[in-house]
Amino acid sequence: MSEEIEIVGMRFRPTEEEIILYYLERKMGGLDFPVHCINEVDVLKYEPWDLPDLSARPDNEMWYFFNAPTYKYAKSKRTNRATRAGYWKVTGKDRPIWDDRGTKIMGVCFPSELYV
């Protein structure tokens, strides 16, 4: 049984580099986090107004979730973006996420928003 640690006055606002190099790598490696701050949620199963309550830190302005992509077809690279009441629409170009020195691409940001 794990206890959730509440740190008074903690503001969780990681950089994109921290999300990839610390949180995502630890998650993929099956390691625990010292403080529970990101939930694993299939965002396609919920409506946008339900997401804040599913966040580990619903009081924050921004919510973070681990979500594995689901694909539209078995052998396709097109991701499924449909929800029960709408769909996630791509709202911009994919943006590379660089390390703090600007020398190496660590990941890609896929900007999107939900349309109902």
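Every number in this text was worked out from the coordinates using simple rules, so none of it is lab data. This one's a predicted model, so the numbers in the text were calculated from it and none came from an experiment. FYI the Cβ positions are ideal-geometry reconstructions off the backbone, even for glycines, and counts take in every protein chain you see.
What FRET efficiency do you get for residue 32 and residue 79 if R0 is 41 Å and r is their Cβ-Cβ distance, rounded to the nearest 0.05? If you can, show how the numbers build up before the last one.
Numbers: r = 28 Å, r/R0 = 0.69.
Between residue 32 and residue 79 the formula returns 0.90.
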Stick to the Cα atoms of segment 19-87, pair each with every other, and give me the Kirkwood hydrodynamic radius in Å at one decimal. 13.6
Could you compute the net charge surrounding residue 97? Neighbours are other residues with a C-beta less than 15 Å from the C-beta of residue 97; K and R count +1, D and E count -1. -3
FRET efficiency, 1/(1 + (r/R0)^6) with R0 30 Å, evaluated for residue 61 and residue 94 via beta carbons: 0.80
Local electrostatic count at residue 109 - Lys and Arg +1, Asp and Glu -1, tallied over other residues with Cβ under 9 Å: -1
